[in-house]
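Shown next, in structure tokens, is the structure this report addresses.
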Amino acid sequence: MSTCKKKTSIGGQALIEGIMMRGPFVTSMATRMPDGSIDVETWPTNKGGKVHWTRKVPFLRGIFNMVDSLVVGYGCLMKSAEKAGVEEEEPSKFDRWLEQKLGDNMMKVLGGFAVVLGVALAAVLFIFIPTGLSSLLRPVVGTGIVLSLIEGLIKVFILVGYMALCSRMKEIRRVFEYHGAEHKSIACYEAMEPLTVENIRPQCRFHPRCGTSFLFLVILISIIIGSFISWKNALLRAAIKLLLIPVVVGIAYELIKLAGRCDNILTRVISAPGLWLQRITTCEPDDGQIECAVAALKAVIPEDENADRW
């Protein structure tokens, strides 16, 4: 296996029987169809071909990029399920009503709703539940750093436990295998080797810019910031942490960019927990899944080899 010679900005997401890749100019979605063929769909990454200023300002860009990734990712996930034949049953009356009312904007609206629902669920799982449970121990351990550490451990336990439970589901395991194929194909591209199944198969399935690593960084930073917030009122503490979510996301995004760009002791320490967690969220792919990753990746590689440098 070649050593990494390039740091690319290209990233992706595992889908239902497929992979989405986002390049600097083109985004693609490669889906394994029921007949065994690979369907590749592409569209411009940035509307109008220009990167909005909100995607360039440090710390601020992390918030907008995360929301955009969630919306686009959800839309691709639903579309891949439809293409792969997962949703073959007749649409319900509610589905037909939505399509009639929203038309071509239905996936965007549903994607936006999914983002709001996802943030709300994350707030319950990683803010309100940990704060509430740890506050029960205040009479025993006080309100110092120990209580904050307990709260942090509860967050980590919820995150790891949730991912571990998901990995036991057959359908999710298939998605995790495509996740591994996505990482391996990008690793091969960064090693500047030809994108073939033979070259991709031995590559590492863990990558420092993975969304799993980003999630762990969000949890870690929230623990650090939370240690400075008063424990006098548990509900007020949870509300303040909720308001600080954009700050936490912004910091985590800059750290994940740093880890993806540089390879030194600091970035290795930053990446280590997320890389370990990827042992749960990525699985070894088969050759067919790797072929799907290659199709998605080749569709977004720019002609100028420097245009996608991280």
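The values are calculated or read from the model by the stated rules, or taken from the named source; none is laboratory data. As the structure is a computational prediction, the values presented were derived from the model and not from experiment. Methodologically, a virtual Cβ is constructed for each residue, glycine included, from the backbone with ideal geometry; neighbour enumeration extends over all protein chains shown. With ligands, DNA and RNA removed, areas are computed over all heavy atoms of the protein, side chains included. Shrake-Rupley method; radii C 1.70, N 1.55, O 1.52, S 1.80 Å.
Residue-level analysis places Cys166 among those that are modelled with pLDDT of 90 or more and either under 15 Å from the mean Cα position of the chain (by Cα) or over 30 Å from Lys5 (Cβ atoms) (or both). Somewhere in the stretch 260-282, is a residue under 30 Å from Asp39 (Cα atoms) and open to solvent by 50 Å² or more (accessible area, probe 1.4 Å)? Yes, that holds for at least one residue.
Of all the numbered requirements in (1) in a loop (DSSP other than H, G, I, E, B); (2) under 23 Å from Leu133 (Cβ atoms); (3) open to solvent by less than 50 Å² (accessible area, probe 1.4 Å), Ser230 misses one, and that requirement is (3). Restricting to the stretch 240-252, and then to whatever is in a helix (DSSP H, G or I) and open to solvent by 40 Å² or more (accessible area, probe 1.4 Å), can you tell me which residue is nearest to Phe214 (Cα to Cα)? This residue is Ile251.
Of all residues in the stretch 32-90, those satisfying the criterion of being aromatic (Phe, Trp, Tyr), surrounded by fewer than 16 Cβ atoms within 10 Å (Cβ to Cβ) and modelled with pLDDT of 90 or more are Trp43, Phe59.
Each residue in the stretch 173-208 was checked for being touching a helix residue (DSSP H, G or I) at 6+ places or on another chain (Cβ under 7 Å) and open to solvent by 50 Å² or more (accessible area, probe 1.4 Å), and 3 pass. Residues considered: Thr143, Thr131. Of these, the only one that is at pLDDT below 90, over 15 Å from Leu215 (Cα atoms), more than 19 Å from the chain's Cα centre (by Cα) and not basic (Lys, Arg) is Thr143.
Any residue at all in the stretch 112-127 that is at positive phi and at pLDDT below 85? There is no residue in the stretch 112-127 that is at positive phi and at pLDDT below 85. Going by the conditions given, is Arg237 open to solvent by less than 30 Å² (accessible area, probe 1.4 Å) and over 24 Å from Ala81 (Cα atoms)? Yes: the conditions hold for Arg237. Taking the stretch 256-289 as the range and being in a loop (DSSP other than H, G, I, E, B) and not β-branched (Val, Ile, Thr) as the test, the residues that pass are Cys262, Asp263, Asn264, Cys283, Glu284, Pro285, Asp286. The helices (runs of 4 or more DSSP H) found entirely in the stretch 130-224 that carry 3 or more residues being in contact (Cβ under 8 Å) with a residue 40 or more places away in the chain are 145-167, 170-190.
It is to be established whether one or more residues within the stretch 249-257 are more than 27 Å from Ala295 (Cα to Cα), free of Cβ contacts under 8 Å to residues at least 40 places away in the same chain and touching a helix residue (DSSP H, G or I) at 6+ places or on another chain (Cβ under 9 Å). It would help to see each step written out before you state the result.
So the first thing to find is which residues in the stretch 249-257 are more than 27 Å from Ala295 (Cα to Cα), and the list is 249-255.
Among the residues that remain, those that are also free of Cβ contacts under 8 Å to residues at least 40 places away in the same chain are: 255.
In the following step, the residues that additionally are touching a helix residue (DSSP H, G or I) at 6+ places or on another chain (Cβ under 9 Å) were identified as 255.
Yes.
For the stretch 209-224, the tally of residues that are open to solvent by 40 Å² or more (accessible area, probe 1.4 Å) and either within 20 Å of Ile145 (Cα to Cα) or among the aromatic types (Phe, Trp, Tyr) (or both) stands at 2.
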